Amino acid sequence: MDLFSSPYYKVQKACLTICGAWPYQNDCNYLVIQKIFLTATLIFVLIPEVIVVVNQYKDFDTFMACLPFLSAAIMALVKSNPLYFNNNEVKILLEELQCNWEDFRNMKSEMSIIKSYANIGKQISIICVGSIYIVATCYYLMSCIAPVLDLILPLNESRSRVLIFGGDFYGHTEEHFFLLLTMEFFGAICAGHLILTLDILYITLMFHSCGTFAVLCHRLQNIEMNNFKNQKYQLVGVNLAANQDQMIYHYLSTCIQLHIRNIKYGERINSLFNVAFFFDLLFGSLIACLSAVKFVISIKEPNQRVRYGFLYVTQSVRIFCNMLPGQLLIDHSSRVKLAASRSKWYDLSEKSKKLVLILIMRAEKPTRFVVGRLFVMNIELFSLITRTCLSYCTIILSVQKN
């Protein structure tokens, strides 16, 4: 497993290992880590928020304030399912990723393509990790401002202390403030890390799939007689003494096989993440909309505006990072047809031309990541979610002015 210790996948492996979801670990300690993450999300986030919603469901402001964090907890528990209960599927996808690297290592141009896409996936993963942990830390520090100011600049009465997401722990908040605050922070970190880890795994696999489609396009664009006459491509299982037509025919056969593998790989990713990202899309959009609405409503509360502003920006960045690979997968799978039609197929033999035609026909339908058989993960869907959030904010602003 040296590949996953390389700089291209080190961040992804670390995120999976932290929450006990790395499929190549059989140690019982990782089962304990899984239970810790799930229990912390359940006890420190979900249950306190449910108690608040049930007890104060008539209070609209409290309900609106709790709903984003309640949705985040539910989303974290749902997204833990592929990580913990479909671990074998994750392992199969990672093994196929490693096999592709082994297949492409003999060609420098193809390896450079795969490495470039792996590097993009790593950079986006770092952005996701940074945004989640920075926001969680800011939430914690903002809750600490009031007690710290009471020590530095005391007033006649203590300043009001606010927890991260105002859960109900059936305790005296003032007396056990830092204990409850730390419990909420730990629960928020666990829930956020579960969401983040599945996002990173999804982004990594999707960018690898885009990279393999890019390799296929690169191969199709280099179907020329001169390449084979100069023995540029050393094909496995083909006698170099064979004529160029036979070599090109075998070369195109390998391209078709690669295309079939790419399509099946995309389908396997879709089947693994489909349910989790359906709930992610449902609750993630809800969190973004509610955060935007709370940001607009809290005009006279700067602390609340900062909180919900951070939450909205983080959620928007996360949704965009999830939609971008889906859009790129559509674009790259669509380019296969274009690359095949732009190749010098007219110089090939009749047998080879038929293979090119088969490839073009198979590439008519692009590979897509479809959520719940309803929504396609692409930039258009991200634009729809953003417009919806902004429309709600516009309506509320117009109502407040009137």
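FYI, it's all coordinate maths here, none of it is from the lab. Everything numeric in this text was worked out from a predicted model, so none of it was measured. No Cβ is skipped: glycine too gets one built from the backbone with ideal geometry, and neighbour counts run over all protein chains shown.
List of remarks:
- Listed peptides 78-90, 371-383 by packing density, highest first (mean Cβ within 10 Å): 78-90, 371-383
- With K and R counted +1 and D and E -1, the other residues having a Cβ less than 13 Å from that of TYR139 yield a net charge of 0.
- Net charge dipole, the chain: roughly 1460 debye, given to the nearest 20, about the Cα centre with Cβ charges of +1 for Lys and Arg and -1 for Asp and Glu.
- Peptide ranges 197-203, 138-144, 67-73, 262-268 listed from the most packed, as the mean C-beta count within 10 angstrom indicates: 197-203, 67-73, 262-268, 138-144
- Cβ-placed point charges (K, R +1; D, E -1), dipole of the range 65-129 about Cα centre in debye, nearest 20: 260
- The alpha carbons of the range 33-102 stretch over 59, 21, 13 Å along the principal axes, in descending order.
- Simple rule: put +1 on each Lys or Arg Cβ and -1 on each Asp or Glu Cβ in the chain, find the dipole, and look at LEU141, PRO7, VAL293; the Cα lying farthest toward the positive end is PRO7.
- Each principal axis of the Cα cloud of the range 1-157 was taken in turn, and the coordinate range along them, longest first, works out to 73, 36, 31 Å.
- Ordering of 316-328, 183-195 by burial proxy (mean other Cβ atoms within 10 Å per residue, highest first): 183-195, 316-328
- P(r) histogram, all alpha-carbon pairs of the range 340-402 included - 5 Å bins from 0, percent: 3, 13, 12, 10, 9, 9, 9, 9, 6, 5, 4, 4, 3, 2, 1
- Approximate shape of the range 256-402 as ellipsoid semi-axes (Cα gyration tensor, √5λ), whole Å, largest first: 45, 15, 11
- Calculated log₁₀ intensity ratio I(q)/I(0) where the Debye formula runs over C-alpha points of the chain, q = 0.06, 0.09 Å⁻¹: -0.32, -0.64
- Counted charge near GLY211, where neighbours are those whose Cβ lies closer than 11 Å (Asp, Glu -1; Lys, Arg +1): 0
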